[in-house]
Structures are given as structure tokens and as C-alpha cells.
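Participant: Okay, here's the structure, questions in a sec.
Read-outs throughout are calculated quantities, based only on the coordinates presented, and are distinct from any laboratory measurement. All figures in this text were calculated on a predicted structure; none of them were measured in a lab. No Cβ is skipped: glycine too gets one built from the backbone with ideal geometry, and neighbour counts run over all protein chains shown.
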Amino acid sequence: MKIFTAHQIYEADKSTIKKEQIKSDELMERAATQLFEWIHSRLRGTQVNIQLFCGIGNNGGDGMVLARKLQEHGYSIKVYVVNYSDKRSKDFLLNLERLKENKVWPDFINKESDLPQISPNDIVVDAIFGIGLNRAPDAWVGNLIQHINGSRAFVLSVDVPSGLPVDRNPWNKEYVIQSSYVLSFQLPKLVFFLPETGVYVNQWEIVDIGLNPDFIAKTDADFELIGRPEVLPMYRPRLKFSHKGTYGHSVIIGGSYGKIGAVQLATNACLSVGSGLVTAFVPKCGYDSLQTAVPEVMVLTGSREKGISEIEIPFEPTVVGIGVGIGLDGDTVSAFGNFLKKVNSPMVIDADGLNILSQNPEMLTDVPGLSVLTPHPKELQRLIGNWTSDFDKLEKAKAFASKYNIVLVIKGAHTITIYKGKGYVNTTGNPGMATAGSGDVLTGMIAGLMAQGYPSVEAAIFGVYLHGLAGDLGVSSKGYEALKASSLIENIGSAYSELFRQPEMEQKDNTQ
Ligand SMILES: NC(=O)C1=CN([C@@H]2O[C@H](COP(=O)(O)OP(=O)(O)OC[C@H]3O[C@@H](n4cnc5c(N)ncnc54)[C@H](O)[C@@H]3O)[C@@H](O)[C@H]2O)[C@@H](O)CC1
Ligand SMILES: Nc1ncnc2c1ncn2[C@@H]1O[C@H](COP(=O)(O)OP(=O)(O)O)[C@@H](O)[C@H]1O
Ligand SMILES: [K+]
């Protein structure tokens, strides 16, 4: 699903109004009716106090329509107009009048007003600001937002949490609604998925308001949300008359004394994701344990006992995954640099492989094009330098990936894969995966997919999705705390099956 900027959403609104020859208030009616249906199907008339806080723009207009519908269906409502400006939108005013015709008179809140009582049992509808927010809310509006946040009531935000701009970080972090649930119109917003701004959104859901599908299809987006519909077409089925040679020979290079487990996890994941053959290249100390732990994996060793000091692979691998557990010893760094000069096939580079590159940036030009680099935030910072916000980080990451013609996988709660100026935002995974070795598993999975012929960017997007799905299946039996990296590997097979589960059993993967 595409992720649009605020400007693109306004354009989509306009093109819908033009194409369908409707008036803007009809689109507002349509949007807010969907909000009403969502609430009504859950509350089914339950008498709970619903307090609606509406701004004076179109987000507030949505709130006005919603208030009218709730009132018409007998709900107990209290409506406030947060009167932060005299530039009221046309459709807001129209729907304010319609509400008054229904004999509902909102209270107007301004700078001098007392803050209304909100009980923890109330439902708050947050329709103060939408995607039109273009500066920090005034202090008194900020205080109201803080008051709502402090109420412990369930807060349902219309389109976006009020105070959260969609294309940048908030001006004032305190002046943003902490949403229990966001009903967002038509397309998801990038801020829902970034570490600094995603914290304002507990859960979200898309409300389809029928914006012009042709416009959406033909408009290029800088970011795309990756769910099952996006990854399914990437899947490469196994062929009846295939053999292990069809699915590539992966080589995983890494490990040092005390860190052989990283290679064990990566090779095992590589096999489990479907690589035809897997060879590990490790220092001598890793030989016995690897051969015992993963008998399917072939093992080559270097000449040293505890670390890698030269890398010789006596055949042409389909793909190389390098860096897990490899360490930063001087001889290892030289071996890594020399190997980069020799290798032609795209690689997956992780962990200390990335740290070696950060410390020796001249080596970056030897990284084969279309290689996949998989940094966690700290490793990314070492590679691209400091950033001032998540938006700045993404710009820098895009420039870095384009400069070296690589795929950059920025790992996190919503891992973002960057390639050719576009970002692909993952939707699977959970905090149970914040555990030692889960990144090693991802390295093996992406390498194993590349070995099978997935183009690098698809291997990264598909691998990240499948890795997160394996984690989601893992927690359903193990819980968050007990999930280990090896549990991810155990669940790779089920994750593949889950991809093809019938839609009627489907669950929405739209929670944080
Ligand atoms: N355009 C359409 O046809 C549709 C728009 N919809 C709603 O419209 C919203 C966008 O509406 P608007 O563009 O009117 O914008 P908002 O309702 O988000 O904001 C209202 C106006 O307040 C002003 N403003 C921005 N920041 C401010 C601040 N800090 N303090 C004081 N004033 C500030 C701006 O001029 C802005 O246009 C969407 O989020 C969505 O809820 C929906 O009704 C769906 C259809
Ligand atoms: N809170 C989280 N939600 C979803 N996925 C997570 C979360 N925390 C970590 N992960 C995933 O787990 C992996 C951790 O990788 P990494 O930090 O390299 O771990 P390690 O170095 O221990 O292998 C990444 O793929 C990341 O996206
Ligand atoms: K809002």
C-alpha cells in the first residue's frame, strides 16, 4: 500500500471530487459515515459518554458529521469546538450548521475556557487537527491535548493524532495526542511507523473513503507499506524438476572465538528459507560445533584457531553473507577488505561486517552493486553519521544507498528497506524479536532468498516480512520474553504457510 505525503493526499481528494463530480462536503460525509459505522458496529448503542473535540478545519468537519450521526442514533455525546483560529473551513461551517439543526449546540473552547472534565470511562474523539497541521499548536491547545492525554480515556483519533504532522517531527512533543486508535483515511501515514513519531499511535486502521484509485495507482510514492498483498507476488515457487543446484549455494562467512553461534543461526536460517546448499566459512574453533549443530551445512575453516585472517572460497558462491560474529581484529579487517576486492556476486553484509565498513569507508566502493546491508540503528549511525530526526535519517540513508548502489535494510520495530530512493516499510514483527541473534537469522534468510534467485531488493523486502512473520508466529506459542532467535528459525516454515492462508481466516496485520 502506498504511503502518500500530505500534499499527495490533498491531490487525491481533489482528483476524486473532480472525477466523481461531487462536492467536497459529500466526500466529508462519506468519510465521517465510515467513522460512524466503525464506532456503531462496536458499541451497538451502548450508553457511554462520547466527548468529541473538533477543530475548525476539515478534520473538525469530520468530527461534526460524526457527532450528528452519533446523535441521530441515540448516543450520548458532548461536542466541543476547539476554536484555535477564525479561518474556519467551509465544510466545517456547513456541518456545524447541520449539527445545530439537530439541536446539538457545541461548547466553544478558547484560550480562556476551563478544561472540560473527562472521565477514564469516556470515549474521546480527537478531531482537532488532521493533515493540515502546519505549525505547533498554541499553548492553550497544547494544554488541552495534554489534558486529554492525562484523562486515561480511550482516544479515537480521526485521520491522525492531533498535533502530529505527517511529513516531519512535531514542533512540540508534548502537544501531540496519544491515540488509543487512529482511523486514518484511505492510506497510511509514514509517521505511524517511525520510532520517534510512531509512539503516538497505539493501533491504527485504514478507512476506505473511495479516493480516486486511478490517481493513487499512477502517483509515485516515496514509501510503501509492505503487507501480505505486496510480498505474495514476489514469492518464487519451487519447481517440480528442480534440484538443490537450482536453489543456489550460499556462503556465510563469520564467527570468532565465542561468537560461532551467530554463524550457526545464520546458516540454519539460510537453509530453512530454502537455499539449495549452504557453506559456512569460520575460524577453526567453530568447526566441531557447527558440524554438530547444523549437519546440513558444509564447513570451511581458515588457518587460525580463533579468528578469520584470510578468506578463500574454492568455488563461486551464488551469494555471500558476511559479518556475523566476525569481530574487528586487524587481520580480520584486512581479510575482509581483500575479499571484497575479489568477490563479484551481491553480498549480504551485517554486524561487524558493517562496522568494518564504517571504520574503513574506502572499502565501500568495493562492495558489489546490489548488495544488501542490514544495519540496526547504531550500525546505521556509524555508516551514515548522525541525524537530526527520523526524516533526516531516511534522507541520509537514501543518499547512501544510491551512492553505493546497494539495498539498505534499516532494522527496527518497522524495518525499512531502502533502494533507489524508495523506502519499503515492514508490518510484521514484534518486541519479542528484540533478542540476541535475531539479526543473524535475518542475514541468513536474505542470503538464502538471494541464492534462490530473488533479486536483492525483493530478497530484502520478502526476507524482512517473513522474518517478522516467523516472530509473530513464535510469540503466539512462546510469548514475547521467551522468544529466541532459534525460535524464529523453527517458524520459517509456518511463516511460508501463513502467506498462503485463506483470506477468511486472515487477521489484519495493522497493529504496532
Ligand atoms: N479534503 C477532503 O475532501 C477531505 C478531508 N478530510 C479531512 O480533512 C483533514 C484536513 O483538513 P484541513 O486541510 O482543513 O486541515 P486541518 O483540519 O488538519 O487543520 C485546519 C487548519 O488549521 C490551520 N492550522 C494548521 N496548524 C495550525 C496550528 N498549529 N494552529 C492553528 N491553526 C493551524 C491550517 O490552516 C489548517 O488548514 C484531513 O485530515 C481529514 O480529516 C476528510 O473529510 C476527507 C475528505
Ligand atoms: N521491537 C521490535 N519489533 C519488531 N522487530 C524487532 C523489534 N526489535 C528488534 N526487532 C527485529 O529483530 C532484529 C534484531 O536485529 P539485530 O539488532 O541485528 O540483533 P542481533 O545483533 O542480536 O542479531 C531485526 O530484524 C529487528 O527488525
Ligand atoms: K485528529
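Participant: Arranged from highest to lowest average of other beta-carbon atoms within 10 Å per residue, in what order do the peptides 101-111, 475-485 appear?
Facilitator: Highest mean packing first, the order is 475-485, 101-111.
Participant: Within 10 Å, count the other beta carbons around each residue, average over each peptide in 123-132, 70-79, and list them highest first. Kindly include the intermediate steps, with their values, before the conclusion.
Facilitator: Values: 123-132: 26.1, 70-79: 16.5.
Peptide ranking by packing, descending: 123-132, 70-79.
Participant: ³J(HN,Hα) across the range 474-491 via Karplus (A = 6.51, B = -1.76, C = 1.60, θ = phi - 60°), whole Hz, x for Gly/Pro?
Facilitator: Along the range 474-491, the couplings run x, 5, 5, 9, 9, x, 5, 5, 7, 5, 10, 4, 5, 5, 4, 4, 4, 9 Hz.
Participant: Here is a follow-up. List the residues, sorted by chain then number, that are 5 or more residues from T415 or on another chain and whose placed amide H is less than 5 Å from its amide H.
Facilitator: The answer is N426.
Participant: Run down the lysines and flag those whose C-alpha is under 21 Å from the C-alpha of K111, throwing out any fewer than 8 positions away in its chain.
Facilitator: K78, K87, K173
Participant: Tell me, what ³J(HN,Hα) does each residue in the range 358-370 have, in order and in whole Hz, if you take phi through Karplus 6.51 cos²θ - 1.76 cosθ + 1.60 with θ = phi - 60° and put x for Gly and Pro?
Facilitator: Karplus values, whole Hz, x for Gly and Pro: 5, 6, 10, x, 5, 6, 4, 6, 8, 5, x, x, 6.
Participant: Once you keep just the Cα pairs under 8 angstrom separated by 6 or more residues, what percentage relative contact order results for the range 246-501?
Facilitator: 20 percent
Participant: Would you calculate, for the chain, the mean residue ellipticity at 222 nm contributed by helices, counting each DSSP H stretch of 4 or more residues as -39,500 (n - 2.57) and dividing by all residues, to the nearest 500? It would help to have the intermediate numbers written out before the result.
Facilitator: Values: 17 runs with 201 residues, N = 512.
The helix contribution divided over the chain gives -12000 deg cm²/dmol.
Participant: Report the full-extension gain for the segment Q117 to H243: residue separation times 0.36 nm, less the Cα-Cα distance, to one decimal in nm.
Facilitator: Result for the pair: 38.4 nm of gain on full extension.
Participant: Which residues' amide hydrogens lie under 5 Å from the amide hydrogen of M347, considering only partners 5 or more residues apart or on another chain, with H built in the peptide plane?
Facilitator: Counting only residues 5 or more places away or on other chains, the set is S371, V372.
Participant: Then there is this: When only DSSP loop residues count, what trypsin sites (Lys or Arg not before Pro) in the range 223-320 have their Cβ near at most 13 other Cβ atoms within 10 Å? Write out the running numbers ahead of the final one.
Facilitator: Details: sites: R238, K240, K244, K259, K284, R304, K306; in loops: R238, K240, K259, R304, K306.
Here the trypsin sites (Lys or Arg not before Pro) that fit, given the DSSP loop and packing criteria, are R238, K240.
Participant: Percent relative contact order of the range 2-219, based on C-alpha pairs within less than 8 angstrom and at least six residues apart? Can you show the working numbers first?
Facilitator: Working: 412 pairs, mean separation 47.3, N = 218.
Reported as a whole number, the value is 22 percent.
Participant: Another question, if that's okay. Could you tell me how far the Cα centroid of the range 313-343 sits from the Cα centroid of the range 79-138, in Å?
Facilitator: 61 Å
Participant: Shifting gears a bit: Starting at the first residue of the range 157-171, write each ³J(HN,Hα) from the Karplus equation 6.51 cos²θ - 1.76 cosθ + 1.60 with θ = phi - 60°, in whole Hz, x for Gly and Pro.
Facilitator: 8, 8, 6, 8, x, 4, x, 9, x, 8, 10, 6, 6, x, 5
Participant: Which entries in K189/K422; K259/K478; K23/K90; K18/K420; K2/K69 show an alpha-carbon gap greater than 21 Å?
Facilitator: Result: K259/K478; K18/K420; K2/K69 exceed 21 Å.
Participant: Give me the percent relative contact order of the chain, please, defined on Cα pairs under 8 angstrom at least 6 residues apart.
Facilitator: On the way: 1076 pairs, mean separation 63.2, N = 512.
Relative contact order comes out at 12 percent.
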